[in-house]
Amino acid sequence: MKNDVLCPICEEGLLKVQNETSSVEYKGESGEVPFTFCVCESCGIETVRPQDAKSNKRAFLEYKKSVDGLLSYSEVKRIRNKYGLKQADACRLFGGGPNAFTKYEHSDVAQSEAMDSLLRLIDKNEYAFWDLVEIKGLSGLAAHQIKKQTYSAPTGTLPEYEATDKVISIARGRKENTVSRKKIRVDNLESFDNWGIMQNG
Ligand SMILES: [Zn+2]
C-alpha cells in the first residue's frame, strides 16, 4: 500500500493508522474528539506522525470553539460561499488579516468573538452584508466576484420599496450589469425575491 510507513523505532514493522476518539476537557466541560495515531505492527509502539499531530490539533481546536460557542470551520466556509466570496475577498471585507479565512477554514486559528458575531449577522441579514460592502468601498468586488445573489424576502411588508416594478424593466432594457439595492423598487415581495443583484445576461 502506498501509505505504508516503516516504523522509525524498530525499522521492521509497518505503521498502522488508528482513528479513535480521545477524551478531552476544556473550561470544565469534557468531550470526545477524533484522535489519529499509528501503531507499529511489529514492536507495537504508538507514534503520532506530523500530519496526525496537525489533524489532532485541529480537531481539538474545533472542540474548544464549540465550547466557546463559535462557528465551526464549515459554518464559516458556508457563510463565505453564500456570498460567493473568495477567501482573500472575505479577508478584505471582514478583516482578520490577509490569510484569516484560510486559517479559519483549516481550523488552524479560531475566529475572534467579534468576527464570529459579524459572520452570524451577515448570515442572517443580507442587507447588512451589502451595506458592509458599500461601507468598505468594495462594490467593485461585489460587481465582479459576487454573482447570482438574491435577497431572501423579509417577512411582512417592505415599506422602503413602494413603487412599481417598472424601474426593474427599465434597468433590464438597458442591460445594466449591476443594479444597486437602492435602485430596486418593487411592488410586491415575490418580484423582489426573484430579483438578483447581478444580471447574468
Ligand atoms: Zn516498530
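The values are calculated or read from the model by the stated rules, or taken from the named source; none is laboratory data. No experiment lies behind these values; they were computed from the predicted model shown. Ideal geometry is used to build each Cβ from the backbone, glycine not excepted, and the neighbour counts take in all protein chains shown. Heavy atoms of the whole protein, side chains included, go into the accessibility calculation; ligands, DNA and RNA do not. Shrake-Rupley method; radii C 1.70, N 1.55, O 1.52, S 1.80 Å.
Tabulated data
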{"read-out": "Radius of gyration and maximum dimension Dmax of segment 67-143, Cα, Å", "value": "11.6, 38"}
{"read-out": "Point-charge dipole on Cβ atoms (K/R +1, D/E -1) for segment 73-145, about Cα centre, debye to 20", "value": "160 debye"}
{"read-out": "Total lysine pairs under 24 Å (Cα atoms) in segment 40-107, excluding pairs fewer than 8 apart on one chain", "value": "17"}
{"read-out": "Label-point separation in nm, Cys10 to Lys124, each point 7 Å along Cα→Cβ", "value": "5.8 nm"}
{"read-out": "Accessible surface of segment 73-145, 1.4 Å probe, proportion on carbon and sulfur as whole %", "value": "52 percent"}
{"read-out": "Cβ-derived FRET efficiency at R0 25 Å, Ser117 paired with Ser30, nearest 0.05", "value": "0.40"}
{"read-out": "From the C-alpha gyration tensor of segment 1-102, square roots of 5λ in Å", "value": "35, 19, 10"}
{"read-out": "Paramagnetic label zone (point 7 Å from Cα along Cα-to-C-beta, Gln51; backbone N under 14 Å) in segment 67-82", "value": "none"}
